[in-house]
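The values are calculated or read from the model by the stated rules, or taken from the named source; none is laboratory data. As the structure is a prediction and not an experimental result, all values here were calculated from the model. We place every Cβ from the backbone using ideal geometry, glycine too, and count neighbours over all the protein chains shown. Calculation scope for accessible area: heavy atoms of the full protein, side chains included, ligands and nucleic acids excluded. Shrake-Rupley method; radii C 1.70, N 1.55, O 1.52, S 1.80 Å.
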Amino acid sequence: MRKALRWLLSLVVLIGTASAAGTATAAGPADSRTTTDIKDRILDIPGMSLIEEKPYPGYRFFVLGYTQPVDHRDRSRGTFQQRLTLLHKDTGRPTVFHTSGYEVSTRPWRAEPTSIVDGNQVSLEYRFFTPSRPAPADWSKLDIWQAASDQHRVFTALKPLYDRRWLATGTSKGGMTATYYERFYPRDMDAVVAYVAPNDVVEKEDSAYDRFFATVGTAECRARLGAMQREALVRRTPLQKKYRAWADAEGATFRTVGSLDRAYEAVVLDFAWAFWQYHTEADCTSLPDAATATDQVVYDTIDTYSGWAYYTDQGLEPAVPYYYQAATELGSPALRMDHLKGLTRYGYQPARNFVPREIPLPRFKPRVMRDVDTWVRTRGQRMLFVYGANDPWGAERFRVDKGARDSYVLAAPGANHGAGVADLVEAQRAKATARIQAWAGVAPADVRTDPRLDRRVLDRKHTLRP
């Protein structure tokens, strides 16, 4: 679960960067059920504070802070301020509770389900991602139950104002987060729409990823990607000179990962994964021929897809909370990569290698993901999982068995990690849209689209971080 730093905020965490340019507007939509200003009603909630309000035509958009306990089991351990945003349309509309699993974007935008139901949207920053980090940081309080409890408190606070139906959603780690929330607080949401959500049930068994990379796309495309990786490892010495020159110029360091050599190999090993995560089969034709490419072309090609900056201390720092969770509960992929045999020195490195040594790491908890997986398969209700058929993260996905009710797992042909309902084949797209609207309690005639705010692409991009 890693992502190229250059994409971090251009796609970083979702999403979230619908432009707010030219947004001068009136006060926003009138609330259909009260004359009291919605901002006043929100700020009457104990613990809620206004960071800023940004104008957007037809909506009110608030960036807020909410006081949360560091430990939901022991309120005496102090509090921290958790950032969230609220895109307000009307309290008479349904509300979508979005989570990215990372930082929250502070610009107006709508997740796909918000567009489908024409509703309000609450977006919550995940605990321990700055600035929503307790000080001092007790990392033992970063787990999926504590994060789900953050959501539960926000929902409980806002539900009296937004008392119509609520749907949880998120993409990638955000989809995982929405699913975990449903597992621990199944009575809060009316439904869940999770996009491209990985589900690593057994941390030590990752053969599904090897099967994926052995069959995805055409043999020719797979060969071109593998050849570029091999060439980068064969030319390790001259290319590392370029990497060192860049690092020295940028002041980049490698204390967390251990060395420039380890970082170099990690970026190269990410290359094929990064390609399939954010590109399509059609993009293979633009890849240079590795055998005839100059050192500079090989270096630049790896950088374009994987990002040399990512495994520096500076590149890893924003992602530390993710890697902590991957090392303790979520799990992370490991690939055999037989086509690079004899050329690698470290192999796919575990998530704990990307957590600074000064942060205590407890043992991995294997029961956590098994519990969630069993619950979704046997007890999940009104849950929709959407995947891209060519997305590596979909190799290990959520499933629904007979015990689950009104729940579905759908995959968009040829789609990558940005897959959405709009990418599904027509019959599945119509079914998914109808179910989302039914769960939200709205009819198609009640929905008015506003494409200016719609964003389905991820705001984060890097290989082995979902």
Scan of the stretch 404-417 for residues that are in contact with a Lys or Arg (Cβ under 9 Å, 6 or more places away or on another chain), exposed (fewer than 15 other Cβ atoms within 10 Å of the Cβ) and either of a type in the set (Asp, Glu) or in a loop (DSSP other than H, G, I, E, B) (or both), ordered by number
406
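Hey, among 373, 401, which residue is at pLDDT below 95 and either in a loop (DSSP other than H, G, I, E, B) or open to solvent by less than 10 Å² (accessible area, probe 1.4 Å) (or both)? Step through it out loud before you land on a result.
Details: 373 fails: at pLDDT below 95.
From the options 373, 401, the qualifying one is 401.
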Answer residue from the stretch 418-434, given it is open to solvent by 50 Å² or more (accessible area, probe 1.4 Å) and under 23 Å from the mean Cα position of the chain (by Cα) and is farthest from residue 274 (Cα to Cα) among those:
429
Do we have any residue at all in the stretch 241-258 that's in a helix (DSSP H, G or I), under 30 Å from residue 295 (Cα atoms) and open to solvent by less than 10 Å² (accessible area, probe 1.4 Å)?
yes
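Within the stretch 204-219, track down each residue that is assigned to a helix (DSSP H, G or I), over 17 Å from residue 331 (Cβ atoms) and of a type in the set (A, V, I, L, M).
Listed by number, the residues that qualify are 214, 219.
The rows are residues; the columns are (1) farther than 22 Å from residue 356 by Cα; (2) free of Cβ contacts under 8 Å to residues at least 24 places away in the same chain; (3) open to solvent by 10 Å² or more (accessible area, probe 1.4 Å).
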{"residue": "95", "(1), (2), (3)": "yes, no, no"}
{"residue": "101", "(1), (2), (3)": "no, no, no"}
{"residue": "106", "(1), (2), (3)": "yes, no, yes"}
{"residue": "112", "(1), (2), (3)": "yes, no, yes"}
{"residue": "129", "(1), (2), (3)": "no, no, no"}
{"residue": "132", "(1), (2), (3)": "no, no, no"}
For residue 174: the one exception among (1) within 26 Å of the chain's Cα centre (by Cα); (2) open to solvent by 20 Å² or more (accessible area, probe 1.4 Å):
(2)
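Going by the conditions given, is residue 202 open to solvent by 10 Å² or more (accessible area, probe 1.4 Å), touching a residue at least 12 places away in the same chain (Cβ under 8 Å) and among the aliphatic types (A, V, I, L, M)? Give the steps one after another, and end with the answer.
Details: open to solvent by 10 Å² or more (accessible area, probe 1.4 Å): yes; touching a residue at least 12 places away in the same chain (Cβ under 8 Å): yes; among the aliphatic types (A, V, I, L, M): yes.
Answer is yes for this residue.
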Meets criteria (closer than 23 Å to residue 38 by Cα, of a type outside the set (A, V, I, L, M, F, W, C), assigned to a loop (DSSP other than H, G, I, E, B) and touching a Phe, Trp or Tyr at 6+ places or on another chain (Cβ under 9 Å)) for residue 163
no
With the condition kept exactly as written, say whether any residue in the stretch 133-148 is at pLDDT 95 or above, hydroxyl-bearing (Ser, Thr, Tyr) and under 30 Å from residue 36 (Cβ atoms).
no
Name the residues in the stretch 44-82 that are in a helix (DSSP H, G or I) and either of a type in the set (S, T, N, Q) or surrounded by 14 or more Cβ atoms within 10 Å (Cβ to Cβ) (or both), would you?
76
Subset of the stretch 376-398, residues open to solvent by 10 Å² or more (accessible area, probe 1.4 Å), more than 19 Å from residue 439 (Cα to Cα) and in contact (Cβ under 8 Å) with a residue 60 or more places away in the chain, comes to 390, 395, 396, 397
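Kindly state which helices (runs of 4 or more DSSP H) lie completely within the stretch 267-370 and contain at least 2 residues that are among the aromatic types (Phe, Trp, Tyr), open to solvent by less than 40 Å² (accessible area, probe 1.4 Å) and within 24 Å of residue 177 (Cβ to Cβ). I'd like the intermediate steps shown before the answer.
Values: elements: 295-305, 313-316, 320-325.
Counting at least 2 such residues, we get 320-325.
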